[in-house]
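**Q** Got a structure here, written out as structure tokens. Questions coming.
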Amino acid sequence: MFLMFHPLFWVMVGPAFLIALWAQYRVKTTFAKYSQVKARSGMSGARAAQEIIRAEGLDVTVEPIPGQLTDHYDPRSKTLRLSEPVYGGTSLAALGIAAHEAGHAIQHARGYAPMALRSAIVPAASLGSTMAMPLFFFGLIFGGARGLPFGMYLMMAGIVIFAAVVAFQIVTLPVEFNASTRAVRLLTTQGIVTDEEAAGAKRVLSAAALTYVAAALQGILTLLYLIMRARR
């Protein structure tokens, strides 16, 4: 990204990049650690998700998907897709992630407001993730190097649609935290893990939550940087 060559960018946004790298490291190491700790119930991630979905009375399909940490819930098809290590895994890490994704299915079924708001922002956030920086870049060129007045309008347009990306990242935080809280509670109430084992699953989910916090912080600081550059 062209903005990364500007010193001010690293002064403002650099710390968030470091936090993001640290968060990624925490996710990988915590997942690797608790992937080696088997749950006493011997239940797989797929079965745990199915048990939670059944207990909540939901009509949701659980299926495997290739890759690692590719787990997600698709509200359009009401399908909970678990990565292969989670789908067939019997570790605390696998059960924690499977229950977390089941938590998203419950949020969707219960009309959880932040999740509905996040879904509404998706189109604008998708546009912002692809168009915000090019618009700002061309605005910077025409408004700075060539002194053309519409350059500022291009920069402002880039800032506005990038703000949608930041809004999406911020709204994602309560959605993810709530899903993790539901996951830990459901794992214990359904007898899938013991209270002691739930602590391990919670550590995996807490590490994953850091990545969302880091992304939101990075987005906020980048937005502030864009505003400062435009004002200059």
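**Q** Assess whether Thr181 counts as being within 20 Å of Tyr73 (Cβ to Cβ), of a type in the set (Ser, Thr, Tyr) and surrounded by fewer than 19 Cβ atoms within 10 Å (Cβ to Cβ).
**A** When the stated conditions are applied, Thr181 passes them.
**Q** Which residues, taken from the range 59-85, are hydrophobic (A, V, I, L, M, F, W, C) and either at pLDDT 95 or above or loosely packed, with under 14 Cβ neighbours inside 10 Å (or both)?
**A** Of everything in the range 59-85, those that are hydrophobic (A, V, I, L, M, F, W, C) and either at pLDDT 95 or above or loosely packed, with under 14 Cβ neighbours inside 10 Å (or both) turn out to be Val60, Val62, Ile65, Leu80, Leu82.
**Q** Which is without any contact (Cβ under 8 Å) to a residue 60 or more places away in the chain and surrounded by 14 or more Cβ atoms within 10 Å (Cβ to Cβ), of Ala125, Ala102?
**A** Going through Ala125, Ala102 in turn, the sole match is Ala125.
**Q** Still on this structure, please answer the following. Of (1) within 29 Å of Val166 (Cα to Cα); (2) surrounded by fewer than 23 Cβ atoms within 10 Å (Cβ to Cβ), Ala55 satisfies all except one. Which?
**A** Among (1) within 29 Å of Val166 (Cα to Cα); (2) surrounded by fewer than 23 Cβ atoms within 10 Å (Cβ to Cβ), Ala55 violates only (1).
**Q** It is to be established whether one or more residues within the range 90-109 are over 22 Å from Thr172 (Cα atoms) and at pLDDT below 95.
**A** No - not one qualifying residue is present in the range 90-109.
**Q** Can you run down the residue pairs with Cβ atoms below 9 Å, 6 or more apart or on separate chains, where the first is in the range 25-40 and under 18 Å from Tyr212 (Cβ atoms) and the partner is loosely packed, with under 13 Cβ neighbours inside 10 Å?
**A** Phe31/Gln68
**Q** Hey, another quick one. Name the residues in the range 61-92 that are of a type in the set (A, V, I, L, M, F, W, C) and under 17 Å from the mean Cα position of the chain (by Cα), would you?
**A** Leu69, Leu80, Leu82
**Q** Which condition number does Met156 fail, the rest of (1) surrounded by fewer than 21 Cβ atoms within 10 Å (Cβ to Cβ); (2) modelled with pLDDT of 95 or more being met?
**A** Unmet condition: (2).
The values are calculated or read from the model by the stated rules, or taken from the named source; none is laboratory data. Everything numeric in this text was worked out from a predicted model, so none of it was measured. Please note: Cβ atoms are built from the backbone with ideal geometry, for glycine as well, and neighbour counts cover all protein chains shown.
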